[in-house]
Amino acid sequence: MKESFEDKKYAPVGVFDSGVGGLTVAREIMRQLPRENIIYFGDTARVPYGSKSKETIIRYSRQIIHFLESMGVKAIVVACNTASAFALEEIRPEMKMPIIGVVKPGAKVAAETTGNGRIGVIGTEGTVGSRIYTEMIHRHNPGAVVLGKACPLFVPLVEEGWLKDSVTIEVARRYLAFFQESDIDTLILGCTHYPLLRSVIRDIMGDTVNLVNPAYETAQGLKRLLKEHQIANDGKKELFAEYQFYVSDAAEKFKNFANSILPCEIKEAQLIHIEE
């Protein structure tokens, strides 16, 4: 039986990332769109994405999108900066539903709020090397100076749960020293893992540098997208939103981490063999 237009409102939003980082995006969606159901997939078997080739990232993204489509989602959030940089524009023409990444919303806010036009971007090697943030920022602020720095150790440190460990602080000091002499007034946390290190980054960079969290801006973008397509959940069918979590490996570790940062308790993360 064909799904009615009204039923589509109550379908879940699909969210995917290379691992736990995208939970920062899911958290913002839960806070800002509390009526929306979510199906989250974390590709924990193949994390990190940042050091992999564009072709590999596109292949992984297609596999995950196919899985989310099979689960009946109404829209997809690519909650991974690397996949947003390498795969989103390649895959968008193939999509029959709305899809949004995390790069454009963060880049737009940074471009519009910088005071001196000097913007820093931290991310994976893939994201920084793609120069996707520079391209997106220049669409809104052509004169902006954009400085990028790859911080590849941040992802495994976050995945390990070492959010305020002395090792993490020392690594952050070394990475961020690049920006401390550059007179930036805005720094984009260009990987969804990085908002979990926000307090460490804030302590090092100081209060004069505005930290842009693309996770927050992406949830705002999703809200606009669902309204534009007239598929926002109006809350008339269910009293509470439902959240489902799937991973490609280490389900128990994922669940424990998710419960440390999400505003709700998740009881299970189901294991999916995504390549089958």
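If a residue counts only when it is over 29 Å from ALA45 (Cα atoms), which helices (runs of 4 or more DSSP H) contained entirely in region 145-257 have at least 1 such residues? Of the helices (runs of 4 or more DSSP H) lying wholly inside region 145-257, those with at least 1 residues that are over 29 Å from ALA45 (Cα atoms) span 166-180, 198-205, 214-228.
Listed here are the residues, each with its yes/no results for (1) of a type outside the set (Phe, Trp, Tyr); (2) farther than 20 Å from ASN81 by Cα; (3) not assigned by TED's automatic domain parsing to the domain that holds SER84.
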residue	(1), (2), (3)
ILE122	yes, no, yes
SER130	yes, no, yes
ASN141	yes, yes, yes
TRP162	no, yes, yes
SER166	yes, yes, yes
CYS191	yes, no, yes
ASP207	yes, yes, yes
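When THR168 is tested against the conditions (1) closer than 26 Å to ILE58 by Cα; (2) touching a residue at least 24 places away in the same chain (Cβ under 8 Å); (3) surrounded by 14 or more Cβ atoms within 10 Å (Cβ to Cβ), the lone failure is (1). Scanning for something aliphatic (A, V, I, L, M) and free of Cβ contacts under 8 Å to residues at least 40 places away in the same chain, does region 52-61 turn up at least one residue? Within region 52-61, one or more residues are aliphatic (A, V, I, L, M) and free of Cβ contacts under 8 Å to residues at least 40 places away in the same chain. In region 133-156, which residues are among the aliphatic types (A, V, I, L, M), touching a helix residue (DSSP H, G or I) at 6+ places or on another chain (Cβ under 6 Å) and open to solvent by 20 Å² or more (accessible area, probe 1.4 Å)? Passing the criteria: VAL146, ALA150, LEU153. Considering region 11-28 alone, what residues qualify as being among the acidic types (Asp, Glu) and open to solvent by less than 10 Å² (accessible area, probe 1.4 Å)? Scanning region 11-28 gives a single hit, ASP17.
For region 174-187, the count of residues that are within 29 Å of LEU262 (Cα to Cα) and open to solvent by 40 Å² or more (accessible area, probe 1.4 Å) is zero. LEU239 meets each of the listed conditions (1) open to solvent by 40 Å² or more (accessible area, probe 1.4 Å); (2) closer than 28 Å to GLY161 by Cα; (3) of a type outside the set (Gly, Ala, Ser) apart from (2). Scanning region 90-139 for residues that are more than 27 Å from ALA75 (Cα to Cα) and among the β-branched types (Val, Ile, Thr) yields THR113, THR114, ILE119, VAL121, ILE122. Quick check on this structure: which one of LYS108, LYS74, LYS8 is basic (Lys, Arg), at pLDDT below 95 and either surrounded by fewer than 18 Cβ atoms within 10 Å (Cβ to Cβ) or out of contact with any Gly (no Cβ under 7 Å at 6 or more places or on another chain) (or both)? Among LYS108, LYS74, LYS8, only LYS8 is basic (Lys, Arg), at pLDDT below 95 and either surrounded by fewer than 18 Cβ atoms within 10 Å (Cβ to Cβ) or out of contact with any Gly (no Cβ under 7 Å at 6 or more places or on another chain) (or both). Taking region 188-206 as the range and being surrounded by fewer than 21 Cβ atoms within 10 Å (Cβ to Cβ) and small (Gly, Ala, Ser) as the test, the residues that pass are SER199, GLY206.
The values are calculated or read from the model by the stated rules, or taken from the named source; none is laboratory data. Keep in mind that what you see is a predicted model, and the values were worked out from it rather than measured. Methodologically, a virtual Cβ is constructed for each residue, glycine included, from the backbone with ideal geometry; neighbour enumeration extends over all protein chains shown. To get the accessible areas, we keep the full protein, side chains included, count just its heavy atoms, and leave off ligands, DNA and RNA. Shrake-Rupley method; radii C 1.70, N 1.55, O 1.52, S 1.80 Å.
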